[in-house]
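The values are calculated or read from the model by the stated rules, or taken from the named source; none is laboratory data. All values reported here derive from a predicted model rather than from experimental measurement. Counting neighbours? That spans all protein chains shown, and the Cβs are built from the backbone with ideal geometry, glycine included.
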Amino acid sequence: MRNYKCLNKNTFTEGNYTLVPLRDEDKYEILEWRNSQIDILRQQAPLTKESQENYFKTVIAPLFEQEKPNQILWSFLLDNKLIGYGGLVHIDWENKTGEISFLTETSRNKSSEVFISDWYNYLSILKPIAQNELGFNSIFTYAYDIRPNLYVALEKAGFKETNRVKNSIEIAGKMKDTVIHTCFFDELKMRFANENDADLYFKWANDKVVRENSYNTAEINYEQHINWFKSKLLSKECFFYLFLNKENTAIGQVRIDKSNDEIIIGISIDEKFRGKGLGVKLLNKACNDYLSKFKTAEIIAYIKEENIASINQFSKASFIKTENVIIGNNKSYRFKRTINEGH
(Lines give C-alpha, C1' and ligand atoms only; values in the text may rest on other atoms or scores of the structure.)
Protein backbone atom coordinates (compact mmCIF):
# COMPACT_ATOMS: atom_id res chain seq x y z
CA MET A 1 0.00 0.00 0.00
CA ARG A 2 1.27 3.47 -0.90
CA ASN A 3 1.63 6.03 1.89
CA TYR A 4 1.62 9.83 1.79
CA LYS A 5 4.90 11.38 2.91
CA CYS A 6 3.01 14.34 4.40
CA LEU A 7 1.16 12.11 6.90
CA ASN A 8 2.49 10.15 9.86
CA LYS A 9 -0.60 7.94 9.70
CA ASN A 10 -2.28 6.96 6.45
CA THR A 11 -5.14 4.59 7.27
CA PHE A 12 -8.10 5.80 9.33
CA THR A 13 -11.06 3.79 10.63
CA GLU A 14 -14.35 4.74 12.27
CA GLY A 15 -16.71 1.86 12.98
CA ASN A 16 -17.03 -0.23 9.82
CA TYR A 17 -15.72 2.57 7.57
CA THR A 18 -12.07 2.94 6.58
CA LEU A 19 -10.01 5.39 4.53
CA VAL A 20 -6.88 3.95 2.90
CA PRO A 21 -4.53 5.84 0.54
CA LEU A 22 -6.06 5.80 -2.94
CA ARG A 23 -5.38 2.40 -4.49
CA ASP A 24 -4.37 1.96 -8.10
CA GLU A 25 -6.63 -1.09 -8.31
CA ASP A 26 -9.70 1.13 -7.81
CA LYS A 27 -9.16 3.36 -10.83
CA TYR A 28 -11.57 1.61 -13.22
CA GLU A 29 -14.45 1.50 -10.74
CA ILE A 30 -13.88 5.19 -10.07
CA LEU A 31 -13.93 5.82 -13.83
CA GLU A 32 -17.38 4.22 -14.09
CA TRP A 33 -18.72 6.21 -11.13
CA ARG A 34 -17.45 9.51 -12.50
CA ASN A 35 -18.85 8.93 -15.96
CA SER A 36 -22.26 7.93 -14.62
CA GLN A 37 -22.39 10.94 -12.27
CA ILE A 38 -20.80 13.51 -14.55
CA ASP A 39 -23.61 16.04 -13.92
CA ILE A 40 -22.52 16.63 -10.32
CA LEU A 41 -18.81 16.88 -11.14
CA ARG A 42 -16.61 19.52 -12.68
CA GLN A 43 -15.76 17.04 -15.41
CA GLN A 44 -16.16 18.21 -19.00
CA ALA A 45 -16.22 14.88 -20.84
CA PRO A 46 -16.44 11.14 -20.11
CA LEU A 47 -13.21 9.51 -19.00
CA THR A 48 -11.55 6.73 -20.99
CA LYS A 49 -9.41 3.90 -19.67
CA GLU A 50 -6.42 5.51 -21.35
CA SER A 51 -7.02 8.90 -19.75
CA GLN A 52 -7.64 7.32 -16.34
CA GLU A 53 -4.44 5.25 -16.52
CA ASN A 54 -2.48 8.34 -17.50
CA TYR A 55 -4.06 10.36 -14.66
CA PHE A 56 -3.17 7.76 -12.03
CA LYS A 57 0.37 7.46 -13.39
CA THR A 58 1.22 11.13 -13.88
CA VAL A 59 -0.94 12.89 -11.26
CA ILE A 60 -1.84 10.44 -8.48
CA ALA A 61 1.41 8.47 -8.12
CA PRO A 62 3.66 11.54 -7.56
CA LEU A 63 1.42 12.79 -4.73
CA PHE A 64 2.74 10.13 -2.37
CA GLU A 65 6.29 11.49 -2.57
CA GLN A 66 5.48 15.18 -2.17
CA GLU A 67 5.91 17.01 1.15
CA LYS A 68 2.97 19.29 0.36
CA PRO A 69 0.80 17.73 -2.35
CA ASN A 70 -2.06 19.76 -3.79
CA GLN A 71 -4.44 16.87 -3.08
CA ILE A 72 -4.61 13.86 -0.77
CA LEU A 73 -7.00 11.09 -1.82
CA TRP A 74 -8.24 7.91 -0.19
CA SER A 75 -10.29 4.87 -1.13
CA PHE A 76 -13.39 4.69 1.08
CA LEU A 77 -14.24 1.19 2.35
CA LEU A 78 -17.23 -0.27 4.18
CA ASP A 79 -16.47 -3.64 5.78
CA ASN A 80 -13.29 -3.65 3.64
CA LYS A 81 -15.29 -3.28 0.40
CA LEU A 82 -14.77 -0.25 -1.84
CA ILE A 83 -17.84 2.02 -1.85
CA GLY A 84 -16.32 5.40 -2.70
CA TYR A 85 -13.28 7.61 -2.84
CA GLY A 86 -12.34 11.14 -1.94
CA GLY A 87 -10.10 13.39 0.08
CA LEU A 88 -8.84 16.96 0.13
CA VAL A 89 -8.12 18.79 -3.12
CA HIS A 90 -6.99 22.30 -4.07
CA ILE A 91 -5.03 22.32 -0.82
CA ASP A 92 -3.72 25.71 0.27
CA TRP A 93 -0.83 24.88 2.59
CA GLU A 94 -0.13 28.52 3.45
CA ASN A 95 -3.66 29.22 4.66
CA LYS A 96 -4.14 25.61 5.80
CA THR A 97 -7.38 24.85 4.03
CA GLY A 98 -8.64 22.38 1.47
CA GLU A 99 -11.70 21.46 -0.57
CA ILE A 100 -13.48 18.18 0.12
CA SER A 101 -13.81 15.69 -2.71
CA PHE A 102 -16.09 12.66 -2.34
CA LEU A 103 -17.89 10.28 -4.66
CA THR A 104 -19.60 6.98 -3.89
CA GLU A 105 -20.62 4.01 -6.01
CA THR A 106 -23.53 5.24 -8.14
CA SER A 107 -26.28 2.97 -6.81
CA ARG A 108 -25.67 4.19 -3.23
CA ASN A 109 -27.09 7.58 -4.19
CA LYS A 110 -30.59 6.13 -4.72
CA SER A 111 -31.32 5.83 -1.00
CA SER A 112 -31.33 9.10 0.95
CA GLU A 113 -30.56 7.16 4.13
CA VAL A 114 -27.51 5.47 2.61
CA PHE A 115 -26.36 8.69 0.94
CA ILE A 116 -26.51 10.70 4.18
CA SER A 117 -24.87 7.91 6.18
CA ASP A 118 -21.99 7.58 3.70
CA TRP A 119 -21.34 11.32 3.68
CA TYR A 120 -21.63 11.70 7.44
CA ASN A 121 -19.30 8.79 8.20
CA TYR A 122 -16.84 9.95 5.58
CA LEU A 123 -16.75 13.47 7.05
CA SER A 124 -16.45 12.05 10.57
CA ILE A 125 -13.17 10.44 9.53
CA LEU A 126 -11.93 13.27 7.31
CA LYS A 127 -12.44 16.14 9.75
CA PRO A 128 -9.97 14.87 12.41
CA ILE A 129 -7.42 14.16 9.67
CA ALA A 130 -7.65 17.74 8.42
CA GLN A 131 -7.60 19.28 11.89
CA ASN A 132 -5.32 17.04 13.90
CA GLU A 133 -3.04 15.33 11.37
CA LEU A 134 -2.65 18.21 8.91
CA GLY A 135 -3.30 21.17 11.20
CA PHE A 136 -5.77 22.83 8.82
CA ASN A 137 -7.88 25.82 9.80
CA SER A 138 -10.91 24.85 7.71
CA ILE A 139 -12.22 22.55 4.99
CA PHE A 140 -15.09 23.17 2.59
CA THR A 141 -17.34 21.63 -0.06
CA TYR A 142 -18.08 23.15 -3.47
CA ALA A 143 -21.24 21.60 -4.89
CA TYR A 144 -24.06 22.26 -7.34
CA ASP A 145 -27.49 22.72 -5.76
CA ILE A 146 -29.05 19.48 -6.98
CA ARG A 147 -28.63 17.16 -3.95
CA PRO A 148 -30.59 18.39 -0.90
CA ASN A 149 -29.59 15.31 1.09
CA LEU A 150 -26.01 16.54 0.90
CA TYR A 151 -26.90 19.56 3.03
CA VAL A 152 -28.47 17.30 5.65
CA ALA A 153 -25.23 15.34 5.96
CA LEU A 154 -23.05 18.46 5.95
CA GLU A 155 -25.02 20.24 8.64
CA LYS A 156 -25.13 17.09 10.74
CA ALA A 157 -21.33 16.98 10.49
CA GLY A 158 -20.92 20.60 11.61
CA PHE A 159 -20.64 22.41 8.26
CA LYS A 160 -22.33 25.76 7.58
CA GLU A 161 -23.32 27.34 4.26
CA THR A 162 -20.81 30.17 3.69
CA ASN A 163 -21.42 31.16 0.08
CA ARG A 164 -24.00 30.68 -2.68
CA VAL A 165 -23.58 31.75 -6.30
CA LYS A 166 -27.00 32.06 -7.89
CA ASN A 167 -27.71 30.46 -11.29
CA SER A 168 -24.05 29.74 -11.91
CA ILE A 169 -24.37 26.57 -13.98
CA GLU A 170 -26.81 24.90 -16.33
CA ILE A 171 -27.65 21.25 -15.54
CA ALA A 172 -30.23 19.28 -17.56
CA GLY A 173 -31.49 22.51 -19.11
CA LYS A 174 -32.00 24.33 -15.79
CA MET A 175 -29.88 26.95 -14.05
CA LYS A 176 -28.57 25.86 -10.66
CA ASP A 177 -26.74 27.54 -7.80
CA THR A 178 -23.23 26.67 -6.65
CA VAL A 179 -23.07 26.30 -2.87
CA ILE A 180 -20.07 26.29 -0.52
CA HIS A 181 -20.27 24.75 2.96
CA THR A 182 -17.36 25.24 5.38
CA CYS A 183 -16.23 23.64 8.61
CA PHE A 184 -13.98 25.94 10.64
CA PHE A 185 -11.71 24.35 13.21
CA ASP A 186 -10.84 26.02 16.47
CA GLU A 187 -7.24 26.37 17.58
CA LEU A 188 -7.31 23.19 19.64
CA LYS A 189 -5.83 20.09 18.08
CA MET A 190 -6.31 16.64 19.57
CA ARG A 191 -4.29 13.47 19.20
CA PHE A 192 -3.63 10.32 21.19
CA ALA A 193 -0.58 10.26 23.43
CA ASN A 194 2.40 8.05 22.65
CA GLU A 195 5.58 6.90 24.43
CA ASN A 196 7.33 10.18 23.62
CA ASP A 197 4.81 11.98 25.85
CA ALA A 198 5.73 10.07 29.02
CA ASP A 199 7.83 12.86 30.56
CA LEU A 200 5.21 15.47 29.75
CA TYR A 201 2.55 13.41 31.51
CA PHE A 202 4.94 12.91 34.47
CA LYS A 203 5.34 16.69 34.77
CA TRP A 204 1.57 17.23 34.69
CA ALA A 205 0.89 14.39 37.13
CA ASN A 206 3.24 15.88 39.75
CA ASP A 207 1.93 19.41 39.36
CA LYS A 208 1.07 20.81 42.81
CA VAL A 209 -2.56 21.63 41.95
CA VAL A 210 -3.11 18.26 40.28
CA ARG A 211 -1.80 16.39 43.33
CA GLU A 212 -3.94 18.45 45.71
CA ASN A 213 -7.10 17.64 43.72
CA SER A 214 -6.27 13.95 43.37
CA TYR A 215 -7.42 11.27 45.81
CA ASN A 216 -3.81 10.13 46.11
CA THR A 217 -1.93 13.32 46.96
CA ALA A 218 1.53 11.73 47.24
CA GLU A 219 4.20 12.67 44.69
CA ILE A 220 4.51 10.12 41.89
CA ASN A 221 7.68 8.11 41.40
CA TYR A 222 9.21 8.45 37.92
CA GLU A 223 9.97 4.77 37.33
CA GLN A 224 6.51 3.74 38.51
CA HIS A 225 4.99 6.40 36.27
CA ILE A 226 6.87 5.14 33.19
CA ASN A 227 5.75 1.55 33.81
CA TRP A 228 2.16 2.67 34.42
CA PHE A 229 2.15 4.94 31.36
CA LYS A 230 3.46 2.21 29.03
CA SER A 231 0.91 -0.29 30.32
CA LYS A 232 -1.93 2.19 29.77
CA LEU A 233 -0.78 2.89 26.21
CA LEU A 234 -1.07 -0.83 25.50
CA SER A 235 -4.52 -1.08 27.08
CA LYS A 236 -7.55 -1.07 24.81
CA GLU A 237 -9.59 0.28 27.72
CA CYS A 238 -7.57 3.50 28.15
CA PHE A 239 -7.76 6.57 25.91
CA PHE A 240 -5.12 9.27 26.37
CA TYR A 241 -6.34 12.45 24.64
CA LEU A 242 -3.56 15.02 24.28
CA PHE A 243 -4.38 18.60 23.25
CA LEU A 244 -2.17 21.15 21.51
CA ASN A 245 -2.65 24.76 20.43
CA LYS A 246 -1.99 26.13 16.94
CA GLU A 247 1.73 26.44 17.75
CA ASN A 248 1.73 22.70 18.58
CA THR A 249 2.39 23.40 22.25
CA ALA A 250 0.83 20.80 24.54
CA ILE A 251 -1.78 22.47 26.75
CA GLY A 252 -3.45 19.59 28.58
CA GLN A 253 -4.82 16.08 28.57
CA VAL A 254 -7.97 14.08 29.20
CA ARG A 255 -7.83 10.41 30.13
CA ILE A 256 -10.84 8.13 29.79
CA ASP A 257 -10.16 4.72 31.30
CA LYS A 258 -12.32 1.75 32.21
CA SER A 259 -11.72 0.75 35.83
CA ASN A 260 -13.76 -1.55 38.08
CA ASP A 261 -16.63 -1.68 35.58
CA GLU A 262 -16.80 2.10 35.37
CA ILE A 263 -15.47 4.42 32.67
CA ILE A 264 -13.57 7.09 34.57
CA ILE A 265 -12.48 10.46 33.18
CA GLY A 266 -9.74 12.76 34.41
CA ILE A 267 -8.31 16.03 33.14
CA SER A 268 -5.26 18.19 33.72
CA ILE A 269 -4.22 21.45 32.09
CA ASP A 270 -0.69 22.84 31.94
CA GLU A 271 -0.29 25.64 34.49
CA LYS A 272 0.52 28.14 31.72
CA PHE A 273 -2.90 27.62 30.13
CA ARG A 274 -5.16 27.61 33.17
CA GLY A 275 -7.89 30.20 33.65
CA LYS A 276 -8.62 30.46 29.92
CA GLY A 277 -11.77 28.33 29.85
CA LEU A 278 -10.03 25.51 27.98
CA GLY A 279 -11.11 22.72 30.30
CA VAL A 280 -14.68 22.59 29.02
CA LYS A 281 -13.45 22.44 25.41
CA LEU A 282 -11.03 19.61 26.20
CA LEU A 283 -13.71 17.63 28.02
CA ASN A 284 -16.24 18.09 25.22
CA LYS A 285 -13.80 17.06 22.50
CA ALA A 286 -12.61 13.97 24.35
CA CYS A 287 -16.11 12.89 25.39
CA ASN A 288 -17.54 13.45 21.91
CA ASP A 289 -14.83 11.29 20.39
CA TYR A 290 -15.18 8.54 22.99
CA LEU A 291 -18.98 8.47 22.82
CA SER A 292 -18.87 8.34 19.03
CA LYS A 293 -16.97 5.06 19.42
CA PHE A 294 -18.92 3.69 22.41
CA LYS A 295 -22.43 5.04 22.03
CA THR A 296 -23.90 3.33 25.12
CA ALA A 297 -21.07 4.32 27.47
CA GLU A 298 -21.48 6.27 30.69
CA ILE A 299 -18.45 8.45 31.46
CA ILE A 300 -18.00 9.01 35.19
CA ALA A 301 -16.10 11.73 37.07
CA TYR A 302 -15.44 11.81 40.81
CA ILE A 303 -14.68 15.29 42.16
CA LYS A 304 -13.87 16.46 45.67
CA GLU A 305 -16.56 18.65 47.21
CA GLU A 306 -14.14 21.55 47.73
CA ASN A 307 -12.88 21.49 44.12
CA ILE A 308 -15.33 24.13 42.92
CA ALA A 309 -13.40 24.90 39.71
CA SER A 310 -13.64 21.29 38.50
CA ILE A 311 -17.29 21.00 39.50
CA ASN A 312 -18.12 24.07 37.40
CA GLN A 313 -15.94 22.79 34.56
CA PHE A 314 -17.61 19.38 34.34
CA SER A 315 -21.09 20.88 34.74
CA LYS A 316 -20.47 23.19 31.76
CA ALA A 317 -19.28 20.15 29.80
CA SER A 318 -22.72 18.49 30.13
CA PHE A 319 -21.87 16.25 33.08
CA ILE A 320 -24.79 15.61 35.43
CA LYS A 321 -24.29 15.25 39.19
CA THR A 322 -25.83 11.92 40.20
CA GLU A 323 -24.95 11.47 43.88
CA ASN A 324 -22.83 12.41 46.88
CA VAL A 325 -20.11 9.89 47.75
CA ILE A 326 -17.27 9.43 50.22
CA ILE A 327 -13.91 8.41 48.75
CA GLY A 328 -11.34 7.78 51.46
CA ASN A 329 -12.09 10.62 53.85
CA ASN A 330 -13.10 12.98 51.07
CA LYS A 331 -16.65 14.16 50.56
CA SER A 332 -17.14 14.03 46.80
CA TYR A 333 -19.63 14.18 43.96
CA ARG A 334 -20.20 11.61 41.26
CA PHE A 335 -20.87 13.08 37.79
CA LYS A 336 -22.07 11.26 34.68
CA ARG A 337 -22.16 12.02 30.97
CA THR A 338 -23.71 9.92 28.21
CA ILE A 339 -24.30 10.52 24.52
CA ASN A 340 -27.69 12.04 25.39
CA GLU A 341 -26.16 14.79 27.53
CA GLY A 342 -23.47 15.77 25.02
CA HIS A 343 -23.40 18.73 22.67
Item checked: Count - residues of region 43-62 that are part of a helix (DSSP H, G or I) and either in contact with a Lys or Arg (Cβ under 9 Å, 6 or more places away or on another chain) or surrounded by fewer than 11 Cβ atoms within 10 Å (Cβ to Cβ) (or both) -> 10
Notebook entry, point to check: Quick one: which of ASN35, ASN8 is in contact (Cβ under 8 Å) with a residue 40 or more places away in the chain and within 27 Å of ASP79 (Cα to Cα)?
Noted result: ASN8
Item checked: Near pairs, Cβ below 9 angstrom, 6+ apart or cross-chain, from region 278-304 (touching a residue at least 40 places away in the same chain (Cβ under 8 Å) and more than 14 Å from PHE335 (Cα to Cα)) to any residue that is hydroxyl-bearing (Ser, Thr, Tyr) and assigned to a helix (DSSP H, G or I) -> SER292/SER124
Checklist line | Segments classed as strands (runs of 3 or more DSSP E), wholly inside region 262-327, with at least 1 members that are at pLDDT 90 or above and touching a helix residue (DSSP H, G or I) at 6+ places or on another chain (Cβ under 6 Å) | finding: 262-269, 299-304
Next item on the list: Quick one: which residue in ILE139, ILE125, ILE100 is part of a helix (DSSP H, G or I), under 30 Å from GLU25 (Cβ atoms) and in contact (Cβ under 8 Å) with a residue 40 or more places away in the chain?
Entry: ILE125
Note to self: Need the failing condition index for THR249 against (1) over 21 Å from ALA297 (Cα atoms); (2) out of contact with any helix residue (DSSP H, G or I) (no Cβ under 8 Å at 6 or more places or on another chain); (3) at pLDDT 90 or above; (4) surrounded by 13 or more Cβ atoms within 10 Å (Cβ to Cβ), just the number.
What the structure shows: (4)
Item checked: Conditions (1) in contact with a strand residue (DSSP E or B) (Cβ under 6 Å, 6 or more places away or on another chain); (2) exposed (fewer than 15 other Cβ atoms within 10 Å of the Cβ); (3) modelled with pLDDT of 90 or more; (4) not aromatic (Phe, Trp, Tyr); number of the one not met by ASP92 -> (1)
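Rundown of residues vs (1) in contact with a Cys (Cβ under 8 Å, 6 or more places away or on another chain); (2) not assigned by TED's automatic domain parsing to the domain that holds GLU305, yes/no style:
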{"site": "VAL114", "(1), (2)": "no, yes"}
{"site": "GLU133", "(1), (2)": "no, yes"}
{"site": "ALA157", "(1), (2)": "yes, yes"}
{"site": "ARG164", "(1), (2)": "no, yes"}
{"site": "LYS174", "(1), (2)": "no, yes"}
{"site": "GLU219", "(1), (2)": "no, no"}
{"site": "HIS225", "(1), (2)": "no, no"}
{"site": "PHE229", "(1), (2)": "no, no"}
